[in-house]
Amino acid sequence: MFFRRAREDRAFREAQRAGYELLRRLQATQPWPGCPEPTPQDPAAEEVAVPDFLPPELRLPSGQEVAGVMMRWLPPLVVDGEVRTCPGCGMYRDWIVFCMRDDSIWLRCRAGHETREPGLDAAWFNRHSGPADHFHPTLQEGLRHLGH
Ligand SMILES: [Zn+2]
(Lines give C-alpha, C1' and ligand atoms only; values in the text may rest on other atoms or scores of the structure.)
Protein backbone atom coordinates (compact mmCIF):
# COMPACT_ATOMS: atom_id res chain seq x y z
CA MET A 1 0.00 0.00 0.00
CA PHE A 2 1.51 3.29 -1.06
CA PHE A 3 0.64 6.82 -0.31
CA ARG A 4 2.13 9.77 -2.03
CA ARG A 5 3.76 12.41 0.08
CA ALA A 6 2.33 15.51 -1.42
CA ARG A 7 0.64 16.13 -4.67
CA GLU A 8 -2.34 14.62 -6.38
CA ASP A 9 -1.29 12.89 -9.56
CA ARG A 10 -4.29 11.53 -11.37
CA ALA A 11 -2.45 11.20 -14.67
CA PHE A 12 0.08 8.96 -13.01
CA ARG A 13 -2.59 6.60 -11.73
CA GLU A 14 -4.34 6.48 -15.07
CA ALA A 15 -1.07 5.63 -16.76
CA GLN A 16 -0.49 2.96 -14.14
CA ARG A 17 -3.89 1.40 -14.78
CA ALA A 18 -3.32 1.54 -18.53
CA GLY A 19 0.01 -0.18 -18.02
CA TYR A 20 -1.55 -3.01 -16.07
CA GLU A 21 -4.22 -3.46 -18.72
CA LEU A 22 -1.58 -3.57 -21.45
CA LEU A 23 0.47 -6.07 -19.50
CA ARG A 24 -2.59 -8.22 -18.83
CA ARG A 25 -3.48 -8.31 -22.54
CA LEU A 26 0.05 -9.14 -23.55
CA GLN A 27 0.33 -11.89 -20.98
CA ALA A 28 -2.76 -13.48 -22.51
CA THR A 29 -0.94 -13.63 -25.85
CA GLN A 30 1.72 -16.31 -26.08
CA PRO A 31 4.41 -16.02 -27.21
CA TRP A 32 4.96 -12.38 -26.38
CA PRO A 33 5.34 -10.26 -29.49
CA GLY A 34 8.94 -9.31 -30.06
CA CYS A 35 10.07 -11.45 -27.16
CA PRO A 36 12.20 -14.43 -28.24
CA GLU A 37 11.59 -17.78 -26.65
CA PRO A 38 14.02 -18.37 -23.80
CA THR A 39 16.72 -20.81 -24.76
CA PRO A 40 17.62 -23.74 -22.50
CA GLN A 41 20.94 -22.02 -21.77
CA ASP A 42 19.12 -18.99 -20.41
CA PRO A 43 16.32 -20.14 -18.12
CA ALA A 44 16.02 -16.73 -16.47
CA ALA A 45 15.16 -14.92 -19.71
CA GLU A 46 11.45 -14.97 -19.05
CA GLU A 47 11.82 -13.52 -15.56
CA VAL A 48 14.08 -10.67 -16.62
CA ALA A 49 11.84 -9.77 -19.54
CA VAL A 50 9.01 -8.58 -17.30
CA PRO A 51 10.69 -5.72 -15.37
CA ASP A 52 12.26 -4.43 -18.57
CA PHE A 53 9.01 -4.45 -20.46
CA LEU A 54 7.00 -1.58 -19.06
CA PRO A 55 8.33 1.92 -19.59
CA PRO A 56 9.37 3.54 -16.30
CA GLU A 57 6.31 5.83 -16.10
CA LEU A 58 3.99 2.81 -16.00
CA ARG A 59 5.69 1.00 -13.16
CA LEU A 60 4.72 1.15 -9.53
CA PRO A 61 6.32 4.08 -7.74
CA SER A 62 9.71 3.20 -6.37
CA GLY A 63 10.72 3.61 -2.75
CA GLN A 64 12.12 7.05 -3.55
CA GLU A 65 8.82 8.29 -4.97
CA VAL A 66 6.53 7.52 -2.05
CA ALA A 67 6.66 8.72 1.52
CA GLY A 68 6.13 5.21 2.78
CA VAL A 69 4.03 2.09 2.73
CA MET A 70 1.34 1.16 5.21
CA MET A 71 -0.73 -1.79 6.33
CA ARG A 72 -3.41 -2.49 8.89
CA TRP A 73 -2.47 -4.75 11.79
CA LEU A 74 -5.55 -5.96 13.66
CA PRO A 75 -4.25 -8.39 16.32
CA PRO A 76 -2.05 -7.33 19.24
CA LEU A 77 1.42 -6.47 17.99
CA VAL A 78 4.14 -8.38 19.81
CA VAL A 79 7.69 -7.00 19.60
CA ASP A 80 10.49 -8.81 21.43
CA GLY A 81 7.93 -10.79 23.40
CA GLU A 82 5.97 -7.74 24.57
CA VAL A 83 2.59 -6.51 23.41
CA ARG A 84 2.89 -2.94 22.19
CA THR A 85 0.43 -0.44 23.67
CA CYS A 86 -0.21 3.09 22.50
CA PRO A 87 1.52 5.58 24.82
CA GLY A 88 -1.32 8.02 24.14
CA CYS A 89 -4.36 5.90 24.94
CA GLY A 90 -3.26 2.40 25.92
CA MET A 91 -4.83 0.72 22.91
CA TYR A 92 -2.99 -2.47 21.95
CA ARG A 93 -4.59 -3.65 18.71
CA ASP A 94 -5.87 -2.41 15.33
CA TRP A 95 -2.75 -0.50 14.34
CA ILE A 96 -1.78 1.09 11.10
CA VAL A 97 1.86 0.20 10.61
CA PHE A 98 3.97 2.50 8.46
CA CYS A 99 7.29 1.72 6.86
CA MET A 100 8.79 5.05 5.89
CA ARG A 101 11.26 5.88 3.18
CA ASP A 102 14.08 5.92 5.71
CA ASP A 103 13.07 2.34 6.74
CA SER A 104 11.76 3.50 10.10
CA ILE A 105 8.60 1.84 11.40
CA TRP A 106 5.78 3.86 12.95
CA LEU A 107 2.60 2.71 14.62
CA ARG A 108 -0.65 4.66 14.54
CA CYS A 109 -3.57 3.76 16.77
CA ARG A 110 -7.23 4.32 15.95
CA ALA A 111 -7.17 7.57 17.91
CA GLY A 112 -4.40 8.87 15.64
CA HIS A 113 -1.49 8.69 18.09
CA GLU A 114 1.71 7.95 16.20
CA THR A 115 4.77 6.46 17.77
CA ARG A 116 8.01 5.16 16.35
CA GLU A 117 8.69 1.45 16.84
CA PRO A 118 12.48 0.89 16.98
CA GLY A 119 12.02 -2.85 17.54
CA LEU A 120 10.78 -3.37 13.99
CA ASP A 121 12.38 -2.64 10.65
CA ALA A 122 11.66 -2.64 6.95
CA ALA A 123 12.60 -6.32 6.64
CA TRP A 124 9.97 -7.19 9.22
CA PHE A 125 7.42 -5.04 7.39
CA ASN A 126 8.16 -6.69 4.06
CA ARG A 127 7.78 -10.15 5.57
CA HIS A 128 4.36 -9.33 6.95
CA SER A 129 2.80 -7.08 4.35
CA GLY A 130 1.30 -8.28 1.13
CA PRO A 131 2.28 -6.86 -2.24
CA ALA A 132 1.35 -3.22 -2.72
CA ASP A 133 -2.16 -3.16 -4.14
CA HIS A 134 -3.21 0.46 -3.85
CA PHE A 135 -1.62 3.81 -4.36
CA HIS A 136 -2.87 6.73 -2.30
CA PRO A 137 -2.11 10.35 -3.17
CA THR A 138 -2.46 11.40 0.46
CA LEU A 139 -1.97 9.85 3.86
CA GLN A 140 -5.62 10.54 4.77
CA GLU A 141 -6.82 8.64 1.74
CA GLY A 142 -4.65 5.70 2.70
CA LEU A 143 -5.98 5.71 6.25
CA ARG A 144 -9.56 5.79 5.03
CA HIS A 145 -8.87 2.89 2.70
CA LEU A 146 -7.54 0.87 5.63
CA GLY A 147 -10.62 1.63 7.74
CA HIS A 148 -9.13 4.27 10.06
ZN1 LIG B 1 -3.53 5.94 20.96
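Would you check which residues across the stretch 105-129 are out of contact with any Phe, Trp or Tyr (no Cβ under 8 Å at 6 or more places or on another chain) and within 14 Å of the ligand (Cβ to nearest atom) and list them? If the condition is that a residue be out of contact with any Phe, Trp or Tyr (no Cβ under 8 Å at 6 or more places or on another chain) and within 14 Å of the ligand (Cβ to nearest atom), then ARG110, ALA111, GLY112, HIS113 are the ones that fit. If you go through the stretch 128-140 and keep only what is loosely packed, with under 15 Cβ neighbours inside 10 Å and over 12 Å from the mean Cα position of the chain (by Cα), you end up with just GLN140. Checking each residue in the stretch 66-118 for being under 16 Å from LEU139 (Cα atoms) and touching a residue at least 40 places away in the same chain (Cβ under 8 Å) picks out VAL66, ALA67, GLY68, VAL69, MET70, MET71, ARG72, ILE96, ARG108.
Regarding the stretch 116-128, can at least one residue be identified that is closer than 30 Å to ARG10 by Cβ and not aromatic (Phe, Trp, Tyr)?
Yes, the stretch 116-128 contains at least one residue that is closer than 30 Å to ARG10 by Cβ and not aromatic (Phe, Trp, Tyr).
All conditions but one from (1) assigned to a helix (DSSP H, G or I); (2) within 16 Å of the ligand (Cβ to nearest atom) apply to GLY142; the one that does not is (2). The set of residues in the stretch 82-107 being out of contact with any Leu (no Cβ under 8 Å at 6 or more places or on another chain) and part of a strand (DSSP E or B) consists of GLU82, CYS99, MET100, TRP106.
Of all the numbered requirements in (1) closer than 26 Å to ARG13 by Cα; (2) within 16 Å of the ligand (Cβ to nearest atom), ASP102 misses one, and that requirement is (2).
Restricting the stretch 97-123 to residues that are modelled with pLDDT of 95 or more and basic (Lys, Arg), the residue that is surrounded by the most Cβ atoms within 10 Å (Cβ to Cβ) is ARG108.
The values are calculated or read from the model by the stated rules, or taken from the named source; none is laboratory data. This structure is a prediction, so every number in the text was calculated from the model and none was measured. Quick reminder, even Gly has a Cβ in these numbers, built from the backbone with ideal geometry, and neighbours come from all protein chains shown.
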